[in-house]
1. Cut-off 10 angstrom, C-alpha nodes, Gaussian network model of the chain. Which of Gly328, Gly82, Gly45 fluctuates the most?
2. Between Val67, Val79, Val154, find the one with the highest GNM mean-square fluctuation for the chain; connect C-alpha pairs within less than 10 Å.
3. Between Arg293 and Glu199, what FRET efficiency comes out of the Förster formula 1/(1 + (r/R0)^6) with R0 = 22 Å and r the beta carbon distance, rounded to 0.05?
4. Residue by residue through the stretch 146-162, what is 3J(HN,Hα) from phi via Karplus (6.51 cos²θ - 1.76 cosθ + 1.60, θ = phi - 60°)? Round to whole Hz and write x for glycine and proline.
5. Put a dot 7 Å past each Cα toward the Cβ at Arg25 and Ser283; how far apart are the dots in nm?
6. Starting from 0.36 nm per residue, how many nanometres of slack lie between Ile88 and Glu180 once their C-alpha separation is accounted for?
7. Using r as the Cβ-Cβ distance of Asp268 and Arg55, and R0 as 41 Å, what FRET efficiency do you calculate, to the nearest 0.05?
8. Restricting to the chain, compute how many DSSP beta bridges are antiparallel as a %, nearest 5.
Amino acid sequence: MSRSLRHGAILLRLAFLTALIPVARPDTGFEIANAAILDALRFAGHEVTAFGFLRPGETPADPEGAVVIARTDIENAAVAPGRRLRWIIAALRMGLPVACAKLRIAGAGRLVEAVRAQGPFDAIILNSVMLPGAFPDLLRLGPCVLVEHNIEHVSARQSAAHARNPVLRRLFNREASLLERMERKLWQEVRFVWTLAQEDRAALGEAHQAKSAVLPLISNQRDEPHPMAGGEPEPAHDVGLIGTWTWTPNFIGLDWFLREVCPLLPSDITVAVAGRLPAGIRSLPPQVKLLGRVPAADAFLRSCRIVALSSRAGTGVQLKTIEALELGLPAVATTLSCRGFTTMPDNVTRADTPAEFAKAVIARVAAIRAGDRQRVDGAAFMALQRVALTEGLERGLAAART
């Protein structure tokens, strides 16, 4: 199965198993991370087939390298409450986390069979714990490597701690308990574990350090970072936030910024929020605009004087932080938003209390309005990320071959 050498590297035939197959316009941080990993594997010369699900009406970014198991919505925010309730009932009946139960329903009788029919593969990349949790037979189809985008049980426990509804809190705690058991078992069974942040690699425990590595990500495959030179139009907004806010750990950070930081900002500092939003957001500060999904994340970010990185929960790495660093944009960030990075550029201020965050936003906006754009060149950051991503991938693939 392994093919001829390219520059001394063994080229492999790989199956990439993912809940969402990458599309031409990635929407969520999960999809952007998927695309970055797939692109890096293919750029290295490996033959990669992606197996997974596709939203209705969307097309895979690489149709020839994709096997679509079903065209269906599998995200909570995209379906009606009745369907979410059916997922919960099915999860209780199956003894699975809801996130796994809905995948088993969507792919029953098709996913494992499709991978087996296309195989054999030199290695099977399990893109998160959810698919092997839903389909344990995947582990028998070849040597497996796991991508932990987040330490899922930790994220679920954080969501439970922030849930105001007691029923939701109980459901999140159930997810956390089941996911922890599932994750720890998978860490033992797979040949290698990739995490997206060093903090998550440490969370695997001492026993798994030798069989794990960090994958530093890039948000896309820009050939050149956006230039620092002038000539851009006047920014449309002072402060920008972007994310998939329907995911609870992300929304916790947005909610904190809107409720605790915004009231401390002068009324003339405008705030724009881009990305999918949950229904029912009320009592917005007057200077805040909700834009919903935007055509291009980088264009939106460049339309803002600074980026607010307000993460207060979650694990893994913040794709919005990577995008801001690639573009060389000034930012104010919580410590949690900086996870996965050992150093931050000088145009990023860390702040963890509402008062510190607001003070840093006010200072940076004032300086930019006065003519100091506070942009830096993101090229060096991008180059380091690409090299480290390639090295981390090759470590995991080498373990799968042994």
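We did not get these values from a lab; they are worked out from the coordinates using the rules stated. These numbers come from a predicted model, not from an experiment. Because the Cβ atoms are built from the backbone with ideal geometry, glycine has one as well, and the counts that use them run over all protein chains shown.
1. Among Gly328, Gly82, Gly45, the largest mean-square fluctuation in the Gaussian network model of the chain belongs to Gly82.
2. Sorting by GNM fluctuation, first place goes to Val79.
3. 0.15
4. Rounded to whole hertz, the list is 9, 9, 9, 4, 9, 7, 4, 5, 5, 4, 5, 5, 5, 5, 5, 5, 9.
5. 3.5 nm
6. Value of the extension gain: 31.3 nm.
7. According to the calculation, E is roughly 0.55.
8. In the chain, approximately 10 percent of DSSP beta bridges are antiparallel ones.
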